[in-house]
1. Tell me, yes or no, whether the stretch 11-27 has at least one residue that is among the hydrophobic types (A, V, I, L, M, F, W, C), assigned to a strand (DSSP E or B) and more than 22 Å from residue 159 (Cα to Cα).
2. In this structure, does residue 107 turn out to be without any contact (Cβ under 8 Å) to a residue 24 or more places away in the chain, part of a helix (DSSP H, G or I) and surrounded by 14 or more Cβ atoms within 10 Å (Cβ to Cβ)?
3. Among the numbered criteria (1) in a loop (DSSP other than H, G, I, E, B); (2) surrounded by 16 or more Cβ atoms within 10 Å (Cβ to Cβ); (3) in contact with a strand residue (DSSP E or B) (Cβ under 7 Å, 6 or more places away or on another chain), which one does residue 283 miss?
4. For the subset of the stretch 299-308 comprising residues that are of a type outside the set (Asp, Glu) and at pLDDT 95 or above, which member is nearest to residue 218 (Cα to Cα)?
5. Hey, which of the strands (runs of 3 or more DSSP E) in the stretch 135-221, taking only ones fully inside, have at least 3 residues that are surrounded by fewer than 21 Cβ atoms within 10 Å (Cβ to Cβ) and modelled with pLDDT of 95 or more?
6. Restricting attention to the stretch 331-351, which residues are without any contact (Cβ under 8 Å) to a residue 12 or more places away in the chain and part of a helix (DSSP H, G or I)?
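The values are calculated or read from the model by the stated rules, or taken from the named source; none is laboratory data. All figures in this text were calculated on a predicted structure; none of them were measured in a lab. Please note: Cβ atoms are built from the backbone with ideal geometry, for glycine as well, and neighbour counts cover all protein chains shown.
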Amino acid sequence: MPPQLIAPLVTDVVRGFGGRDPALLLQDYGQLVLAPLPGWGLSAGEPVRIDGSPAGEAFLRGVPVEVPQADGVRLYLPLLDGGDEVGVLALTLEAVDDDDRRLLRRFAALVADLLITKSGYTDRIFQARRLEPMSVAAEIQWSLLPPLSMTVPQVAVAGILEPAYQVAGDSFDYALNDDVLHVATIDAMGHGLDAATMATVAIGAYRHARRADIGLAEIYAFMDRAVAEQFGPDHFVTAQMMRLDTATGHLQWVNAGHPQPLLIRGHVVVERLESATTLPVGFGGEQPVISERVLRHGDRVLCFTDGLVEEREAGGEQFGEEQLIAWVNRVEHSQVNVRAMVRALSHTLKEKRGGRTSDDATLFLIEWR
């Protein structure tokens, strides 16, 4: 099926079970609104703000939302694909019973899978999500990223990049191989295409080494050589590589110049995960120190890049880690799942920094479940 037939197919199926006015609402890159996918039979209109709307509630909570209307019930169904969320399917039915709800959950899952599959063959889905001009560096970075979130019974992860349409040197990657979650966050020096190119090499080297099933120390050494050989001794990438055994909660990590991750327990930051810091990737560091910790059920680990805390406020003071921790504690109490938590925290921190992002700022949250 060619990608342009997604809209008429969804429309025909919705009409087939008595529905009308279907809309496919996709998360924009800035994670502020849900933008309608254009197409035959789909309701158009303006993007819908995620905060404070029924569609946004379905998206953030990952559950269907029903809104009674004079002519029936407007339903908003999260489009879940493999634990990630694409957006929301909206439609109207005259009435809803439990059989309808079961059918619609399955239908929404199929639509999500269809959108993910077909997005590899068309630009239309990306264009619908893009509400601002995007830099070439950001284009490269977004093409490298894995899904922004993953939720499975053992573990949940979520990440976010700012500024979404201008990001250059920051990136993250993860993979769940059997019971082991692998995570990397990186921050390449500089800005623009040079930083994006360096980040591309660093992430490529990380994936290559990770897929060779070697240890964290060997992964660090491989990334270090790749960056040094490609860019020379004056360039570097700060990085943090982690492994979490999702069966036992055993966490290992190598910190190559990143800020210390925060351990969140009971919705409160209980400590920084301090460790010996290895030289950034590309500087030819010696054998890195591998730090270890055993997590408790429900623990969360928040990784972030220095752009989040080194931004200057209006008065000239750095935002700093203490303010970050204070806001983590506040936001943690208001958000349940990791995806909503990361999104709310990133937007809150950007607002408190006066809306400025002179450097890339990345958040990545892990929850051992």
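1. First, the residues of the stretch 11-27 that are among the hydrophobic types (A, V, I, L, M, F, W, C): 13-14, 17, 23-26.
Now drop any that are not assigned to a strand (DSSP E or B), which leaves 23-26.
With the extra rule that they be more than 22 Å from residue 159 (Cα to Cα), the set shrinks to 23-24.
Yes.
2. On the way: without any contact (Cβ under 8 Å) to a residue 24 or more places away in the chain: no; part of a helix (DSSP H, G or I): yes; surrounded by 14 or more Cβ atoms within 10 Å (Cβ to Cβ): yes.
No: the conditions fail for residue 107.
3. For residue 283, the failing item is (3).
4. Filtering the stretch 299-308 down to residues of a type outside the set (Asp, Glu) leaves 300-305, 307-308.
Remaining after also requiring at pLDDT 95 or above: 300-303.
Details: 300: 26, 301: 23, 302: 24, 303: 21 Å.
The qualifying residue nearest to residue 218 (Cα to Cα) is 303.
5. Working: elements: 149-151, 155-162, 170-177, 180-188.
Because the criterion is at least 3 residues that are surrounded by fewer than 21 Cβ atoms within 10 Å (Cβ to Cβ) and modelled with pLDDT of 95 or more, the strands (runs of 3 or more DSSP E) in the stretch 135-221 that meet it are 170-177.
6. Passing the criteria: only 351.
Residues are listed down the side, and each one gets a yes or a no for (1) out of contact with any Ser or Thr (no Cβ under 8 Å at 6 or more places or on another chain); (2) in contact (Cβ under 8 Å) with a residue 24 or more places away in the chain; (3) closer than 26 Å to residue 203 by Cα:
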site	(1), (2), (3)
256	no, yes, yes
291	no, yes, yes
300	yes, yes, yes
317	yes, no, no
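For every residue, the table says whether it meets (1) in contact with a Gly (Cβ under 7 Å, 6 or more places away or on another chain); (2) within 20 Å of residue 195 (Cβ to Cβ); (3) assigned by TED's automatic domain parsing to the domain that holds residue 214.
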site	(1), (2), (3)
94	yes, no, no
106	no, no, no
123	no, no, no
145	no, yes, yes
